[in-house]
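These notes are about the structure you will find just below.
The values are calculated or read from the model by the stated rules, or taken from the named source; none is laboratory data. As the structure is a prediction and not an experimental result, all values here were calculated from the model. Every residue, glycine among them, receives a Cβ derived from its backbone with ideal geometry; neighbour counts consider all protein chains shown.
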Ligand code: NAI
Ligand code: SOE
């Protein structure tokens with residue numbers, strides 16, 4: 001079995017989940033065509049890096065991400081840092097001939113995303129952006145049903161990504177609340193996910209009209225280590241107001257979408273929806289039926305078939321399992337449940353199979369470029385107050 005060295009950059013929340021996915025893969029699929037080997041992990045903080053190596057099983061640690069890229073034992077560089085660092089790291093990794101995995105949003109804007117795509121294609125390396133949610137079996141089933149025409153012509157996409165952790169004003173001025181590190185707020189952090197589902201399931205977006213608001217314009221400055229919010233494992237820590245700093249990103253963005261294929265859509269991304277924890281949802285309405293999904297019930301896809309006899313028409317709930325796309329990699333029966341890591345395990349399996357000569361997985365950096373172009377148009381529309389064309 002061929003092994004491939006993983007060099008991870010970042011030790012926070014997603015480093016934990018990606019490391020778990022690499023480690024878990026043999027429990028889902030055996031034998032693997034290409035098996036991951038945990039070579040080295042980096043964090044700007046040496047203590048976090050050393051702890052990450054011990055905890056997640058990497059052979060070495062470093063506080064310098066460039067050492068990961070230079071390491072001859074590393075074949076894949078996996079970038080799990082704040083968004084403003086993605087472009088520099090991915091471009092440098094590609095230039096050293098490393099394959100690159102990078103979390104979403106691929107970059108802070110479309111220009112950076114394009115530069116990343118140019119670098120990986122020029123270097124001829126494999127690349128993937130972390131759109132995990134499209135790998136959920138229920139979403140993959142939706143894609144299958146739409147693709148084979150079960151909905152007929154699609155009229156509407158109604159997408160939401162709702163969370164509520166932003167409401168607490170004591171939550172400190174974390175990197176996710178700063179434009180210089182995050183690029184944008186709810187838009188890039190969670191809007192990019194539901195936008196990925198819109199692009200994947202319905203197709204290209206031609207025009208957008210958008211509004212944004214920042215409800216809490218100042219937050220207490222961070223005093224603890226950069227990623228204490230997630231590595232402590234205690235959820236989102238809060239601090240009492242001391243010295244305050246300015247929030248310069250959107251707390252909510254709401255968008256009207258016009259798809260190139262003629263469908264219309266709405267998309268709302270907010271971290272201020274009390275009671276909504278990870279409500280990534282969509283409803284798609286077509287001439288022959290509708291589909292609805294909500295990540296708070298991730299194993300379920302709801303389906304309305306307008307061609308059912310009128311006396312039995314109604315939404316039904318499909319409980320996904322091994323008979324649905326991507327479900328075959330997971331558990332042997334529908335109803336065994338699904339958690340946050342499973343779509344990421346599917347995603348890593350797709351990438352490693354691609355490295356082993358298998359089919360190309362669906363979220364190369366070009367998917368990140370397309371996503372970033374729509375988000376750039378959204379930012380333009382928020383500023384201009386007008387409808388904007390996606391370039
Ligand atoms: P986090 O704040 O938990 O971790 C970020 C890590 O990067 C920390 O360990 C920090 O010390 C490290 N770091 C910062 N500067 C660095 C540098 N110069 N060199 C090396 N390490 C550095 O953040 P989280 O939640 O893990 O997010 C990371 C990325 O993953 C972001 O792009 C985020 O948008 C994305 N993400 C994707 C998710 C998904 O569902 N696909 C879920 C959560 C995050
Ligand atoms: C916080 O909003 C966050 O961790 C996002 O960064 C992720 O992308 C999302 O999947 C879960 O929530």
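Just a few scattered comments:
- Residue in region 280-294 that is within 23 Å of residue 22 (Cβ to Cβ) and either touching a residue at least 40 places away in the same chain (Cβ under 8 Å) or in a loop (DSSP other than H, G, I, E, B) (or both) present: no
- Failed criterion for residue 352 (all others in (1) in contact with a helix residue (DSSP H, G or I) (Cβ under 9 Å, 6 or more places away or on another chain); (2) part of a helix (DSSP H, G or I); (3) farther than 19 Å from residue 6 by Cα hold): (3)
- Of everything in region 122-135 that is in a loop (DSSP other than H, G, I, E, B) and closer than 14 Å to residue 295 by Cβ, the residue that is nearest to ligand 2 (Cβ to nearest atom) is 132.
- Answer residue from region 160-177, given it is away from ligand 2 (no atom under 14 Å from the Cβ) and crowded, with 18+ Cβ neighbours inside 10 Å and is modelled with the lowest pLDDT among those: 172
- Helices (runs of 4 or more DSSP H) fully within region 1-117 counting 1 or more residues that are farther than 17 Å from residue 341 by Cβ, in contact with a strand residue (DSSP E or B) (Cβ under 6 Å, 6 or more places away or on another chain) and within 11 Å of ligand 1 (Cβ to nearest atom): 46-56, 65-70, 86-95
- Which numbered condition residue 345 fails, given (1) in contact with a strand residue (DSSP E or B) (Cβ under 9 Å, 6 or more places away or on another chain); (2) in a helix (DSSP H, G or I); (3) crowded, with 20+ Cβ neighbours inside 10 Å: (1)
- Of residues in region 136-163 being in a loop (DSSP other than H, G, I, E, B) and within 16 Å of ligand 1 (Cβ to nearest atom), the one nearest to residue 262 (Cα to Cα): 136
- Answer from 203, 191, 245 - the residue that is surrounded by fewer than 22 Cβ atoms within 10 Å (Cβ to Cβ), touching a strand residue (DSSP E or B) at 6+ places or on another chain (Cβ under 6 Å) and at pLDDT 80 or above: 203
- Taken over region 295-330, the criterion of being assigned to a loop (DSSP other than H, G, I, E, B) and within 23 Å of the chain's Cα centre (by Cα) is satisfied by 295, 296, 297, 298, 299, 320, 321, 324, 325, 326, 330.
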